[in-house]
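Written out below as structure tokens is the structure these notes cover.
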Amino acid sequence: MPKSKRNKYIFVILFLLLPLSFVVDVFLGSVRIPFAGVINVLFNPQTANPVWITIINEFRIPKAITAILAGGALSVCGLLMQTYFRNPLAEPYVLGISSGASLGVALVILTSEKIGLNLLFAGTYNKIGITAAAMIGGVITLSLVALIARKVSSNVTLLILGLMIGYIIGSVESILKYYSTAENLQGYVIWGMGNFGNVIWRDLAILVPVVIAGLIASFLLSKQLNLLLLGENYALSMGANIKFVRLMIIIIGGILGGAITAFCGPIAFVGIAVPHITKNLFNVYDHKILIPSVALVGAILALICDIISQMPGGEQTLPVNAVTSLIGAPIVIWIILSQRKIKHTPVDE
């Protein structure tokens, strides 16, 4: 079967799997609602149980939408990092972007009350302030990593430096935690476990446009990203503006990684796993195909992780990070074992 025809079939299967995963995710929760009741709420709310309508519309649907946004954004962010650094192990969590975003969130959550900003950051302004702080933290950290990347040639060294930056930021966060109030500290610790369920419709009004803007901007860079795969010298010879592309990748990566971290907490391994899953699934390296494909696979994987996190039942759910780590860590091990020498395949003609 021709590759193009095969990929079309894969796209169709994934597009069918996305709404199916969405419905299953909405079905699961601490309150048991029959599957028929969920379908009734979604497609015929006039005859549905009012309590079920509230639970599904106000809590479960926003959570599922957040999972889709988080999975797509982190996956595309990981793809950008892997292309930019030409490193198959690069992703927001490993390179310290999530740590930088977390520090921005910590500065808002843990210090706002002490410096008299708790009223300023109340309600919607709290989310805006946290989101802005996370984006700024992510952009600054990624800029620092990019600067270091110009000085080192080893991919392993770059990853180790990224981890060290994460540890330094973690130390600063520990100091902030030590001087924080018990209430703020509890909120920050819960946030740090990773959770799609803390987002409500009012928050989605901020998150949706930010993520969509980041994904569109990523897609518009597809041609330049394809050229980067062939090396900077070749990209320059083809007329690519390397400085502009680098700047845009840093901004987009910081925005996508920072926004998701602000609303969902640091989510590990999605950004590193999904690009590799997608490349092997579609067998393509053209970013015009990869970016939407990675976003779609990431959205489905995030929904599946959220479904698994609720499998134990009861009122408590597993932290999303625990599930993403169980899925993503084996993929990282496979990458390390199967790619002793990093190779870059030319863009498909």
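Bear in mind that the values in this text are calculations on the coordinates, not laboratory data. Remember, it's a predicted structure, so these values are computed and weren't measured experimentally. Cβ sites come from the backbone with ideal geometry, for glycine too, and all protein chains shown count toward neighbours.
Set the Cα radius of gyration of the chain against 2.2 N^0.38 Å, with N its number of residues, and you get 1.00. Which residue, I39, I335, I250, has the most motion in a Gaussian network model of the chain that connects Cα atoms within less than 10 Å? Looking only at I39, I335, I250, the largest GNM fluctuation is found for I39.
Each Lys and Arg adds +1 at its Cβ and each Asp and Glu adds -1 at its Cβ; summed about the Cα centre, the stretch 122-246 shows a dipole of about 320 debye. GNM remark for the chain: springs join alpha carbons under 10 Å apart, and the peak mean-square fluctuation among V323, V245, V31 falls on V31. Scan the chain and note any complete DSSP helix (H) whose C-alpha atoms cover at least 24 Å along its axis and whose Kyte-Doolittle average is 0.5 or more. Sorted by number, the helices that extend far enough and score high enough are 3-27, 61-85, 124-149, 155-178, 201-220, 242-264, 287-309, 320-338. Peptides 263-273, 89-99, ordered by how many other C-beta atoms sit within 10 Å of their residues on average, highest first, read 89-99, 263-273. Projecting the Cα atoms of G239, A213, V189 onto the charge dipole of the stretch 161-246 (Cβ charges, centred on the Cα centre) puts G239 farthest toward the positive pole. Within the listed set L42, L215, L103, the residue fluctuating most in the Gaussian network model of the chain (springs between alpha-carbon atoms under 10 angstrom) is L42. The count of lysine pairs in the chain that are at least 8 places apart or cross chains, and whose C-alpha atoms lie under 22 Å apart, stands at 25.
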